[in-house]
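Below is one structure; the comments refer to it alone.
The values are calculated or read from the model by the stated rules, or taken from the named source; none is laboratory data. Everything numeric in this text was worked out from a predicted model, so none of it was measured. Cβ placement follows ideal geometry from the backbone for every residue including glycine, while neighbour counts extend to all protein chains displayed. For the accessible areas, the whole protein counts, side chains as well, though only heavy atoms, and no ligand, DNA or RNA atoms are used. Shrake-Rupley method; radii C 1.70, N 1.55, O 1.52, S 1.80 Å.
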Amino acid sequence: MTVASTKQPRHAAGPLYALGLEGSANKLGIGVLSHDPATNQTTILSNVRHTFVSPPGTGFLPKDTAKHHRTHFASVCAAALRDAGVSPAQLSCICYTKGPGMGAPLTSVAVGARALSLLWERPLVGVNHCVGHIEMGRVITGASNPVVLYVSGGNTQVIAYASQRYRIFGETLDIAVGNCIDRFARTLRIPNDPFPGYNVEQLAKKGGVLLDLPYAVKGMDCSFSGILAAADVLAAQMFAQDKLLAAGGALKEGETRITPEDLCFTLQETVYAMLVEITERAMAHVGSRQVLVVGGVGCNERLQEMMGRMAADRGGSVYATDERFCIDNGIMIALAGLLAWETGFETRLEDSTCTQRFRTDEVHIAWRED
Amino acid sequence: MTAAATTTAPQPIPAPVPDPSPPEPSIHDFPLPSALLHPSSEPPTLITQGAEGRVYRTTWVDAGRECALKHRPAKPYRHPVLDARLTRHRILSEARILQKCRREGVAVPALYGVDEAAGLLALEWIPGAPVRVCVNGWIARRKERRRRLADGAVGDESKAQEGQDNSEPAVVAEVTADEEGADVLMDLLRRMGEAVGRLHKSGVVHGDLTTSNLMLRPWEKGKAPSNGHAETEQAAEESLDGEIVIIDFGLASQGTADEDRAVDLYVLERAFGSTHPKAEGLFPVVLDGYRGTFKGAPVVLKKLEDVRMRGRKRSMLG
Ligand SMILES: Nc1ncnc2c1ncn2[C@@H]1O[C@H](COP(=O)(O)OP(=O)(O)O)[C@@H](O)[C@H]1O
Ligand SMILES: [Mg+2]
């Protein structure tokens, strides 16, 4: 990790502009925002996204995703600058996602970032994707010091700020919650458009029977792979029932007819209850009553509703954003990058690599008070 | 997108303002469990709203004797069937495991009664404070001492020396083992490790070890005064003296697998580091305390290294 030892805060009269480039998973997001260090006001100038959607029953592969990002990089970037009405010369820095994420897509965007940096002679800032989500969520919702639940296709973490770091209090012990839902959507062959979690949520709204799934919480940690395996078993039973009934057979006496709606309902009720539980445990432990939900799974309405009830019972409230900001985007990278740049941080060209593993608690949050 | 973007100028978003911190929950915020509506010699007080339970101090069970009544109210956020299943399971397992710990001589609150249908557990009242509060108090007092020292020493030599480390002022630097006064804290950490070791030795894995779930009970001197808790608590907080009592067994299970024991330690290690970042470097003292408590402890500590490695490898994908 590169840490400049003689960092001087950068001052400016008026707002600073940054370009943010994100492509750690299947979304290519590019945006421009401005931040005024004197007033701490943020203005979103543009937020353009292009998503790689794979066919039903399949996930997105690194190779194809990287190709998608390379193909659309120039046009998405041009659209972001045009929408913002900002010229490259006005940018203080070019911020890109350093990690965590899938290697090939990350690299393709980092290469684009380096090219722009050389072309426009603007400095680079490498950004931790998770920190980007947190800072964006704080700005949009106005939650100053919340416990953060970060839930996406690749991450499940309960985070709280202390001493210039985002500390991880709890996390998944195996796969991420979004990954669990996406993979189950594949089992059911639900379309990936606009995204699998959305379609699971729509089906769940029509369900109402709670089937039997395991519940796996360990303190502030949790685990999803056992739940996915059990849900897959139930889905297999459902497919067998379909076949039997189609062939004119009948269910056994007292056997429940399993439906995709009830399966999705049960999966959501179970995994979201676990997430709310570990968040509540962290809130009780650190004595906080604000909770901020970020990451792609964070726009799930049922999760937001459950979290809201829990927070209300603790005399607090839940903060969440809509899909423009909770789903991966470029402005969150611009924001976290610009905040770091203002404290004197910069990523030199020779250090502008990516890393698939980059923990949230590795980043020195120099812009917040100790 | 383009049409909207050109017609309306983007609005600046103001900086987040710190929340005025809401008042602490009071006993009037929640309906009392019916057990507490019976006449009692003294009215109950709500002590905390924990992660799952609300803990009341009451003399309901036995007039004159204080008891902690832990109520697990229904969680309206989750499906009622799931909620009922979890609440029932956790209350019964907490009760069962507390009994087992008492039999094995592990320091836990005595169990006075259980009503799983009402979501109630009546426990011995543990005077003192959670270890989290004691450690944070110690760190705050240290910070205060150092700040006074730094203020008082403007321009003199000690200040100049401290100033050399300009990345982090000494006031907020991490606690080190050899600094003055750290022995008291390290002694507490060792006792924590020993307490967890005794728990594991008895065949119980806690499942939620944090510094909130370890209490520091001041040593009993003769008979504890029935109304002098504030004094003893204050004294215990300052000296960090006392016995570690383990509480909150809702996620506990019986077992002796090295893996489960190692995960228990790993959970504590991470919770400790994130809760007390300034004292994070002293955590090995907890493990030192643990090492001596039973024959299998070194194997568990070896396993802990694997568990840590797994955690780091997991470091997630986008
Ligand atoms: N037996 C007890 N005596 C005194 N205080 C207690 C006792 N049990 C719990 N407490 C207090 O209540 C808090 C919450 O209790 P705990 O059993 O940990 O419930 P939760 O599952 O809600 O975390 C503890 O952190 C402690 O401060
Ligand atoms: Mg507790």
Exclusive hit being out of contact with any His (no Cβ under 9 Å at 6 or more places or on another chain) and at pLDDT 95 or above, set A:V48, A:V76: A:V48
Mind counting the residues in the range B:277-295 that are at pLDDT 95 or above, open to solvent by less than 20 Å² (accessible area, probe 1.4 Å) and of a type outside the set (G, A, S)? 6
Can you name the residue in the range B:111-156 that is of a type in the set (V, I, T) and open to solvent by 20 Å² or more (accessible area, probe 1.4 Å) and, of all such residues, is farthest from the chain's Cα centre (by Cα)? B:V154
Would you be able to tell me the number of residues in the range A:41-56 that are touching a Leu at 6+ places or on another chain (Cβ under 9 Å) and more than 30 Å from B:P14 (Cβ to Cβ)? 4
Any residue that is away from ligand 2 (no atom under 16 Å from the Cβ), modelled with pLDDT of 95 or more and in a loop (DSSP other than H, G, I, E, B) - is there at least one of those in the range B:216-232? no
Output for Cβ contacts, cut-off 7 Å, separation at least six or different chains, first residue within 10 Å of B:T211 (Cα to Cα) in the range B:126-140, second within 15 Å of ligand 2 (Cβ to nearest atom) and among the polar types (S, T, N, Q), reads B:P130/B:T211; B:P130/B:S212; B:V131/B:T211; B:R132/B:T211; B:R132/B:S212; B:R132/B:T275; B:V135/B:T211
Matching residues in the range A:344-370 - criterion: being hydroxyl-bearing (S, T, Y) and open to solvent by less than 30 Å² (accessible area, probe 1.4 Å): A:T347, A:S352, A:T360
Which numbered condition A:S163 fails, given (1) on the phi < 0 side of the Ramachandran plot; (2) in the same structural domain as A:V297 (by TED's automatic domain parsing); (3) polar (S, T, N, Q): (1)
Say whether the condition of being touching a residue at least 24 places away in the same chain (Cβ under 8 Å), on the phi > 0 side of the Ramachandran plot and surrounded by fewer than 19 Cβ atoms within 10 Å (Cβ to Cβ) is met by at least one residue in the range A:89-108. no
In the range A:301-317, what count of residues is obtained for those that are at pLDDT 95 or above and not in a helix (DSSP H, G or I)? 0
Can you report the number of residues in the range B:181-224 which are on the phi > 0 side of the Ramachandran plot and either more than 16 Å from ligand 1 (Cβ to nearest atom) or of a type in the set (A, V, I, L, M, F, W, C) (or both)? 3
Can you find, within the range B:84-110, the residue that is nearest to A:R309 (Cα to Cα) among those that are surrounded by fewer than 17 Cβ atoms within 10 Å (Cβ to Cβ) and within 12 Å of chain A (Cβ to nearest Cβ)? B:A84
State yes or no: is A:L173 within 14 Å of chain B (Cβ to nearest Cβ), among the aliphatic types (A, V, I, L, M) and on the phi < 0 side of the Ramachandran plot? yes
Between a residue in the range B:92-117 that is of a type in the set (D, E, K, R) and any residue that is buried (at least 17 other Cβ atoms within 10 Å of the Cβ), which pairs come within a Cβ distance under 6 Å, given they are 6 or more apart or on different chains? B:E94/B:F249; B:E94/B:G250; B:E104/B:S202; B:E116/B:I91
Determine whether the range A:119-126 contains at least one residue that is in contact with a helix residue (DSSP H, G or I) (Cβ under 8 Å, 6 or more places away or on another chain), more than 10 Å from every other protein chain (Cβ to nearest Cβ), within 23 Å of A:R368 (Cβ to Cβ) and surrounded by fewer than 24 Cβ atoms within 10 Å (Cβ to Cβ). yes
